[in-house]
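Dumping the structure here so I can ask a few things about it.
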Amino acid sequence: MDSCPADNSVLSTTSELVSGLIIRRRYEILEKIGVGGMAAVYRARHIAFNEIRAIKVVRGWLTEDEDFVRRLRSEAMISRKLNHPNAVHVDDLDELEDGRPFIVMEYVQGLNLRSVIRDTGPLSPSRALNIARQVASALGAAHELHIIHRDIKPDNIVLVQNNGREEVKVMDFGIAKMRGGTGNFETRAGVVLCTPEYASPEQASGKKAEELDGRSDLYSLGIVLYEMLTGTLPFRSDTPIGMLLAQIGTAPRLPSEANPDLNLPEPVSQLLMKSLEKDSEKRFQNASQMLQAIDKVEAELAATRADNVVSMPLLHTDALVPEEGRSSEELLSELHDGGRKRVWMGVAAIALLLLVSFGVWSWKKMQQSSARRDALTHRVQQTVASDPAATKMQATVSDGVVMLSGDANNNAAVEELASRLASLEGVYRVDKHNVRVISTPTPPAAKPSPPSTVAGNKTSPPASAPEVLKPNPESKPAVSQESATRTVPRPDPRVADLLARAKQEHDEGLYDDEIRDYDEVLKLDRGNGEALRGKRKAIRAKQVDPGSQL
């Protein structure tokens, strides 16, 4: 059966795991939480232990690659040995009933470092160094097992609150590569498993997986630390190829050039420049060296803060000259009381200043949040108003959820509008429950012409039958001046190549590249339906799991 008997809509098959499904008699699927070019991620419950887990299910087309499946199993077995508080732990490896392998991991619920940098801007040196220390500690444990992560970036770092402390969790060690020993696997030719903005010079120059060592991960961590401290990257480029070339041969910008307003301490700048050396021999040679450097910088910063603390001078009775009729002890007691008053006045002034600063900061945050809500509402209403099929539909926005209401002619119009709205930045979900679908009435069938009358053996045509004119083969059809001057534009041959490349990039999870290619198509062919639909699909996929290489 190809269509639904209720509404004649086209039926399609799906490999998605639905909520409530139990796989391998151990895990109950709760919801889908992420998707990428290689896998989809679900939140699940271990039935026997009643514990929450994250399950990463490999895409079906990858199961046909026996070499990929073999590498996946070997790498998961090695990664399971990595037991570190700052690394997401791999629990299990199994297969679905249809043969697709899946990996069971520790479920982590926290803030993605990418979103923290985007929302708060540059982090304080103490917080950024604390995060970098925990990441370096996890990398050090992995490198001792000869596991090279190869994709350290803010998207793979999650911040979790644990008893009032900020704890770091490094993700995606499950797709890392082994180096040396029996776990030495070559990367498939032509496949680049890194993010250009955070790739080491070794990765950018095309070295194979077995040629990389821990110093490559430490370089990537240096770029992450640079971004945490300055709010920007040490290199500038508009294309991935340009970024890879910059990683190989362009000197990084000094932090003072990237963000002069921050005035970072010199020890912090020196730490960054050491991390971003092009020559791996001049870089930190292992995670232990980088951790020692971070501890040294933090100690220097703490000593600088201590030197800046202004303390009151000590008073001694020997230096006091008593006034007439007053003893030295009385004068000392008066000075002591006055000093205490000045201290408390200073503390009160500082508290008042902090309170005012917090109030101003909160007010600015509220203003920014209100402006974002108003801008999102405006974009949603513009999208609805520009849809000719949505003249009877209205939309309201609340906390990133768009609620549609009103009447629609058919389900296709509702789905098309919902898809356009879901692609808008800031929209997390579209609620269509309040939309009433009114089917369009079928136009009445044309009435048949009256039969001709019969007289004897002759049939006479109807009295109103028009005269039939035979066409003159020598005559030419009349063409209006407007239609004669109208030309049909030829399709640009680059459109098909861009569309094909964008589809391949979607399968590989390269959503930024895919969006740029669809934008190029729309520049060449404005209103191209396939490009519009593909771009919306890519934007939604990126919002679910921005930039990650699952």
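FYI, it's all coordinate maths here, none of it is from the lab. None of these values were measured; they are calculated from a predicted model. Positions of Cβ are generated from backbone atoms using ideal geometry, with glycine treated the same way; all protein chains shown enter the neighbour counts.
Along the Cα→Cβ direction, 7 angstrom out, place labels at Arg73 and Thr304. What is the inter-label distance in nm?
5.4 nm
Another question, if that's okay. Which pairs break 30 Å Cα to Cα here: Lys32/Lys503; Lys296/Lys542; Lys208/Lys535; Lys169/Lys523?
Lys296/Lys542; Lys208/Lys535; Lys169/Lys523
Still on this structure, I have one more. How far, in nm, would the chain grow between Ser398 and His433 when pulled straight, counting 0.36 nm per residue and subtracting the alpha carbon separation?
11.1 nm
Can I ask one more? Taking a virtual spin label 7 Å from the Cα of Asp295 along the C-beta vector, which residues in the stretch 125-157 bring their backbone nitrogen under 19 Å of it?
Backbone N within reach: 126-144.
Which value results when the Cα radius of gyration for the stretch 1-107 is divided by 2.2 N^0.38 Å?
After normalising by residue count via 2.2 N^0.38 Å, the value is 1.23.
Between Phe49 and Glu257, what FRET efficiency follows from the Cβ-Cβ distance if R0 is 56 Å, with the result rounded to 0.05?
It comes to 0.60.
Mind ordering 206-212, 298-304 by average Cβ neighbours within 10 Å, highest first?
Descending mean neighbour count gives 206-212, 298-304.
Using the per-residue mean of other Cβ atoms lying within 10 Å as a proxy for protection, in what order, highest first, do the peptides 45-55, 131-141 fall?
Highest mean packing first, the order is 131-141, 45-55.
I need the peptides 414-421, 78-85 ranked by packing, meaning the mean over residues of other C-beta atoms within 10 angstrom, with the highest value on top.
Packing order, densest peptide first, comes out as 414-421, 78-85.
For Leu21, enumerate residues with amide H under 5 Å from its amide H, sequence gap 5+ or separate chain, H modeled in the peptide plane.
Ile29
Taking neighbour Cβ counts within 10 Å as the exposure measure, how do Met345, Met290 sort from fewest upward?
Ordered by Cβ neighbours within 10 Å, fewest first: Met345, Met290.
Based only on other Cβ atoms within 10 Å, what is the fewest-to-most ordering of Met243, Met366?
Ascending number of Cβ neighbours within 10 Å: Met366, Met243.
How many angstrom separate the Cα center of the stretch 378-439 from the Cα center of the stretch 51-88?
Cα centroid to Cα centroid, the span is 39 Å.
Check Gly509: other-chain or 5+ apart residues with amide H under 5 Å from its amide H, H built from backbone geometry?
Excluding prolines and chain starts, which carry no amide H, the hits are Gly37.
Provide the gained length on full extension for the span Glu210 to Trp344, in nm with one decimal, where the gain is 0.36 nm per separating residue minus the Cα-Cα distance.
Extra length available between Glu210 and Trp344 comes to 41.9 nm.
When a footprinting reagent is the concern and you count Cβ atoms within 10 Å, what order do Asp295, Asp512, Asp172 take, fewest first?
The most exposed by this proxy come first: Asp295, Asp512, Asp172.
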